[in-house]
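Participant: Provided herewith is a single structure, encoded as structure tokens, for subsequent inquiry.
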Amino acid sequence: MDYSHKSIEQKWQKFWADNQTFKTSESTEKPKYYVLDMFPYPSGAGLHVGHPLGYIASDIFSRYKRLKGYNVLHPMGYDSFGLPAEQYAIQTGQHPAITTETNINRYREQLDNIGFSYDWSREVRTSDPAYYRWTQWIFMQLFNAWYNKDVDKAESIETLIAKFETSGSQGINAECDDDILTFSAEEWKSFSEEQQQREILKYRLAYLRESTVNWCAALGTVLANDEVINGVSERGGYPVEQKKMMQWSMRITAYADRLLRGLDTVDWPEPLIEMQRNWIGKSVGASVKFPVPQLDTDIEVFTTRVDTIFGVSFIVLAPEHELVSALTTEDQKSEIESYIDKTSKKSELDRMADTKTVSGAFTGSYAKHPITGKDVQIWIADYVLAGYGTGAVMAVPSGDQRDYLFAKHFNLPIIPISDSQNIEEEADANKDGRYINSGFINGMTYQEAVAALIAKLEELKLGKAKINFRMRDAIFGRQRYWGEPVPVYFKNGLPYLIKEEELPLLLPEVDKYLPTETGEPPLGRAENWKYQDQYEYELSTMPGWAGSSWYWFRYMDPQNAESFASKEAVDYWKAVDLYIGGSEHATGHLLYSRFWNKFLKDLGFHNEEEPFKKLINQGMIQGRSNFVYRVLDEEGRGTNKFVSFGLRDQYNTIPLHVDVNIVYNDVLDTEKFKSFRPDFADAEFVLEDGKYICGTEVEKMSKSKFNVVNPDDIIANFGADTLRLYEMFLGPLEQAKPWNTNGIEGVYKFLRKVWRLFHDAGGNFNVSDEEPTKAEYKALHKIIKKVEDDIERFAFNTSVSAFMICVNELTDLKCNKRKILQDLIIVLEPYAPHITEELWSLLGNEAGAISYAAYPKFNPDYLIESVFAYPVSVNGKMKMNLPLALDLDAKAVEEIVLANADVQRYLDGKAVKKLIFVKGKIINIVV
Ligand code: ANZ
């Protein structure tokens, strides 16, 4: 019988499913190991060959760990809420739940085709009410919690209320909003319920606050910063404006320091850790108050260079700063207002990126320097960001480049403050720059100056040491339909939780998936959807990251109806031992997950500070994309006219990805293009030579880039085992590499050779029970060791070539010995599970048992060479090589050497004085 991948793969996939071969329990006999893949969003496009790369690697690892005696949890599920299904619903009217179900079924079929060893009984879907009730439940815990800095963890909001009742706001050390009130216990008790709730909201870890957001009117939703590219939405390219809105937020900043510290304890790629560190952005500095006597207030600034305080020649506020209007004098009013108007059109990212343009406006007011008491002008400028620090800076033109450009431009004083270029760095290098023009710190070193100034400011009650984080609280809401409803209703404009037993709060039916005529989110369309028939529910839904911020817990105990996962299951599985996924989740998903994990730990639901111990980012498999060029009108809006590649420079265009499947040799099938997207139905084309030529680029393979190669096609031709081996063979897991189907034949041939080791020339199964030769054992034990070493280092690619070498050696040796071949297929099983299952059962073993067989034990003795070709020298001159068994002793060697005819010829009749023999190295004859 020939190797028939199709029937073998179908047979074993069915067997695994029927017998639940990979069903996992909380067995205590074996050590546990948790291997997790970043679960997919089930898009309509299905899987492409890039997606399974990480899944194949994690599956190899899981299968390997099982062979090594571990109880492996290896689950899969779907991150099934999100924008694409909803966009599709808007276009077609089909309920996103239906689209999602169809897509999931398609994904499942594709995943099954690849032969993954998932425990499907543990599947989760974030859009399933049985799942999202727990997402809602976690939201409720966050709403009902505050962060107590004294104990550095979250606590129930009840402990905060108890403190308010006994001692008012005094002595509370919380991570909270800036505008909290100061009150006594009596005052607290005298507050109305509304006043109390309003105050408590400022402390909750899930809270409502007015924030500036990226509002995309065309998509009808708020977008995250990374969803806005060059001022337009990443999806669809629609305009985005800055808008103030009431938004749910998550107080992730409370965890900033723990998120930072935890990074020292995880085994993650260094660049990823660095990205998280930068994102968290810890800055050590000081907060300093500049009194504004006429308003009876202070302007607080955050500075990392308090030592430059004598160089302050003005103050700059962000245009959004709350004091701006009060500070603006009559004369300056129109200038300030027009400046504010101008900056409101720029996104924060643009403001940060632009370090060259100098712009700003004078408020007309002055503040007092906290130490010298001199007047300093108060300006506004958009290089100061509202959301960072205090939204105000003390400007030091002699120390800071932006302040310097600003002072130059507006002719403001520049006060030199030290006799060196960079006193801070020089201090580190132990050089001795000294301060000048700096009052009582003149002559001090950097460290001395900082210490003296902090002490002075504390004494004046005008400043203190302060640590600042760049990270912001995370916005937690979208004005969209297809997400988890927030389990909140409103009474007198204040949010209240529904009762726990009322969970899940189901997503209501709506007639259309669009905002209402009055601009409310789609949930505003739901009829009779009111809490207790009278109170408005929250109409935003949760953002895409809600369901994925805790899903690894649900796999531990997926059917639990009493809790998100039982204590026993969580104590058993603890944390994810190996997490594999794409680097695009470096700051979003991985920060939010770590945050929720820490929060749930604080509440005592588990004991792990970090959820993912080891993490690997698989490299991207790149695709070859095609582009069309959309002509823009005067206002920069896309028209329905498309110009061919060679003529695109004659128009104002933007490139748009087009499905590679409707492009042949870079020529677009214009008829198919018209049905590619509904809005292209009446597209017009500017052709060159009668054809529409597309642009090309090698880039990420992704549904959004329409450059997808489907694994199903590869599997139909070569089988899943070939696909699995080939994806690994492409190169190191972490590296990016373009997809290229050319090499796949070689891998397929390799599997056919494996098959033939077990079959004679006539195709009959033929394995011998004879004792293998040394050479056969050697080939086997080389591969046992190589694969073990490789997999432990996550170097999956090099094993594939080692397998090929091994099988070639065994083929040359005509090896068909059971003792060799049975171990060989165990070693190969993680990579090629189907063919090895088949051969395993042909060998007469219990079906399915190969998955739980023991990985063969490496015996180094087999690798020791039994013969060595000794270099033989006469008086130190190398004459010849003489192969001798390595286990001979010195006496036997001497006899053989001296009896050798060639040696005798070199000795030329001379008497031998001495024979020096070093085992395994040399033989030297002295004459
Ligand atoms: C005076 C000074 C003098 C500063 C000097 C720097 C150099 P990190 O935390 O490292 O990013 N800053 C503070 N708040 C700001 C805001 N909202 N928008 C823009 N800039 C802001 O840098 C903190 C420094 O950035 C602070 O220290 C402040 O300028 C500025 F020679 O204060 B510095």
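Participant: Enumerate the helices (runs of 4 or more DSSP H) found wholly within region 84-189, keeping only those where 3 or more residues are closer than 28 Å to N560 by Cα.
Facilitator: Numbers: elements: 96-114, 129-143, 157-167.
Hits in region 84-189: 96-114, 129-143.
Participant: Could you list, in sequence order, all residues of region 893-918 that are open to solvent by 70 Å² or more (accessible area, probe 1.4 Å) and without any contact (Cβ under 8 Å) to a residue 12 or more places away in the chain?
Facilitator: Result: E895, A899, A901, Q904, R905, D908, G909.
Participant: A further question follows. Please count how many residues of region 440-468 are within 14 Å of the ligand (Cβ to nearest atom) and open to solvent by 50 Å² or more (accessible area, probe 1.4 Å).
Facilitator: 3
Participant: Go through (1) open to solvent by less than 50 Å² (accessible area, probe 1.4 Å); (2) assigned to a strand (DSSP E or B); (3) of a type outside the set (D, E) one by one and return the number of the condition T212 breaks.
Facilitator: The single condition T212 does not satisfy is (1).
Participant: Looking at region 836-846, which of its residues are of a type in the set (S, T, N, Q), assigned to a helix (DSSP H, G or I) and open to solvent by 20 Å² or more (accessible area, probe 1.4 Å)? Show your work before the answer.
Facilitator: Step one: of region 836-846, the residues of a type in the set (S, T, N, Q) are 836, 841, 845.
Checking which are assigned to a helix (DSSP H, G or I) leaves us with 836, 841.
Result: S841, single match.
Participant: Do you know which residues across region 57-79 are closer than 20 Å to E109 by Cβ, free of Cβ contacts under 8 Å to residues at least 60 places away in the same chain and not in a strand (DSSP E or B)?
Facilitator: From region 57-79, those closer than 20 Å to E109 by Cβ are 58-59, 74-79; that's our starting set.
Narrowing further to those that are free of Cβ contacts under 8 Å to residues at least 60 places away in the same chain: 74, 76, 78.
The answer is H74, M76.
Participant: Just one of the numbered conditions (1) touching a helix residue (DSSP H, G or I) at 6+ places or on another chain (Cβ under 9 Å); (2) of a type in the set (G, A, S); (3) touching a residue at least 12 places away in the same chain (Cβ under 8 Å); (4) surrounded by fewer than 17 Cβ atoms within 10 Å (Cβ to Cβ) is not true of A849; which one?
Facilitator: So A849 meets the others, but not (3).
Participant: In region 566-581, what count of residues is obtained for those that are open to solvent by 10 Å² or more (accessible area, probe 1.4 Å) and free of Cβ contacts under 8 Å to residues at least 60 places away in the same chain? Don't jump to the end; show me each part of the working.
Facilitator: Just the residues of region 566-581 that are open to solvent by 10 Å² or more (accessible area, probe 1.4 Å), to begin with: 566-568, 571-572, 574, 577.
Now drop any that are not free of Cβ contacts under 8 Å to residues at least 60 places away in the same chain, which leaves 566-567, 571.
Selection size over region 566-581: 3.
Participant: Might you check whether a residue that is at pLDDT 90 or above, under 28 Å from K345 (Cα atoms), open to solvent by less than 50 Å² (accessible area, probe 1.4 Å) and more than 9 Å from the ligand (Cβ to nearest atom) occurs anywhere in region 411-421?
Facilitator: Within region 411-421, one or more residues are at pLDDT 90 or above, under 28 Å from K345 (Cα atoms), open to solvent by less than 50 Å² (accessible area, probe 1.4 Å) and more than 9 Å from the ligand (Cβ to nearest atom).
Participant: In addition: Give region 489-514 a look and list any residue that's touching a strand residue (DSSP E or B) at 6+ places or on another chain (Cβ under 9 Å), closer than 26 Å to L83 by Cβ and either of a type in the set (S, T, Y) or modelled with pLDDT under 95 (or both), or say none.
Facilitator: Listed by number, the list holds a single entry, Y489.
Participant: Could you check region 523-544 and list, in sequence order, the residues that are in contact (Cβ under 8 Å) with a residue 60 or more places away in the chain and either part of a loop (DSSP other than H, G, I, E, B) or over 25 Å from the mean Cα position of the chain (by Cα) (or both)?
Facilitator: Those that are in contact (Cβ under 8 Å) with a residue 60 or more places away in the chain and either part of a loop (DSSP other than H, G, I, E, B) or over 25 Å from the mean Cα position of the chain (by Cα) (or both): E538, L539, S540, M542, P543, G544.
Participant: Condition (residue is open to solvent by less than 60 Å² (accessible area, probe 1.4 Å), within 27 Å of Q94 (Cα to Cα), out of contact with any Asp or Glu (no Cβ under 9 Å at 6 or more places or on another chain) and assigned to a loop (DSSP other than H, G, I, E, B)) applied to region 504-511: is it met by at least one residue?
Facilitator: no
Participant: Return the pair list, or none, for Cβ contacts closer than 6 Å from residues in region 280-309 that are small (G, A, S) to residues that are outside any strand (DSSP E or B) and near the ligand (Cβ under 10 Å from one of its atoms), at least 6 apart or on different chains.
Facilitator: G281/R470; S283/T304; G285/T304; A286/V306
Participant: On the basis of being assigned to a helix (DSSP H, G or I) and in contact with a strand residue (DSSP E or B) (Cβ under 6 Å, 6 or more places away or on another chain), does L656 make the cut?
Facilitator: It is false that L656 is assigned to a helix (DSSP H, G or I) and in contact with a strand residue (DSSP E or B) (Cβ under 6 Å, 6 or more places away or on another chain).
Participant: Assess whether T304 counts as being within 9 Å of the ligand (Cβ to nearest atom) and surrounded by fewer than 24 Cβ atoms within 10 Å (Cβ to Cβ).
Facilitator: Details: within 9 Å of the ligand (Cβ to nearest atom): yes; surrounded by fewer than 24 Cβ atoms within 10 Å (Cβ to Cβ): yes.
Judged against the criteria, T304 is a match.
Participant: Separate question: Please state which one of K14, K30, K23 is out of contact with any Phe, Trp or Tyr (no Cβ under 8 Å at 6 or more places or on another chain), open to solvent by 20 Å² or more (accessible area, probe 1.4 Å) and assigned to a loop (DSSP other than H, G, I, E, B). Steps first, answer last, please.
Facilitator: On the way: K14 fails: assigned to a loop (DSSP other than H, G, I, E, B); K30 fails: out of contact with any Phe, Trp or Tyr (no Cβ under 8 Å at 6 or more places or on another chain).
Matching residue, one of K14, K30, K23: K23.
Participant: Only one of these is open to solvent by 40 Å² or more (accessible area, probe 1.4 Å), over 15 Å from K289 (Cβ atoms) and assigned by TED's automatic domain parsing to the domain that holds S325: A361, A381, A395, A353. Name it. Step through it out loud before you land on a result.
Facilitator: Values: A361 fails: open to solvent by 40 Å² or more (accessible area, probe 1.4 Å); A381 fails: open to solvent by 40 Å² or more (accessible area, probe 1.4 Å); A395 fails: open to solvent by 40 Å² or more (accessible area, probe 1.4 Å).
Step by step, each of A361, A381, A395, A353 is checked, and only A353 is open to solvent by 40 Å² or more (accessible area, probe 1.4 Å), over 15 Å from K289 (Cβ atoms) and assigned by TED's automatic domain parsing to the domain that holds S325.
Participant: Which residue pairs have Cβ atoms under 7 Å apart, sit 6 or more places apart or on different chains, and have a first residue in region 237-264 that is without any contact (Cβ under 8 Å) to a residue 24 or more places away in the chain and a second that is in a strand (DSSP E or B) and of a type outside the set (D, E, K, R)?
Facilitator: So the pair list comes out as Y238/C216; Y238/V232; P239/V232.
Participant: Scan (1) more than 16 Å from the ligand (Cβ to nearest atom); (2) farther than 24 Å from E608 by Cβ; (3) at pLDDT 95 or above for the single condition Y255 breaks and write down its number.
Facilitator: Among (1) more than 16 Å from the ligand (Cβ to nearest atom); (2) farther than 24 Å from E608 by Cβ; (3) at pLDDT 95 or above, the lone unmet condition for Y255 is (2).
The values are calculated or read from the model by the stated rules, or taken from the named source; none is laboratory data. The structure displayed is predicted, hence computed values, not measured ones. Methodologically, a virtual Cβ is constructed for each residue, glycine included, from the backbone with ideal geometry; neighbour enumeration extends over all protein chains shown. Side chains included, ligands, DNA and RNA excluded: accessible areas come from the protein's heavy atoms. Shrake-Rupley method; radii C 1.70, N 1.55, O 1.52, S 1.80 Å.
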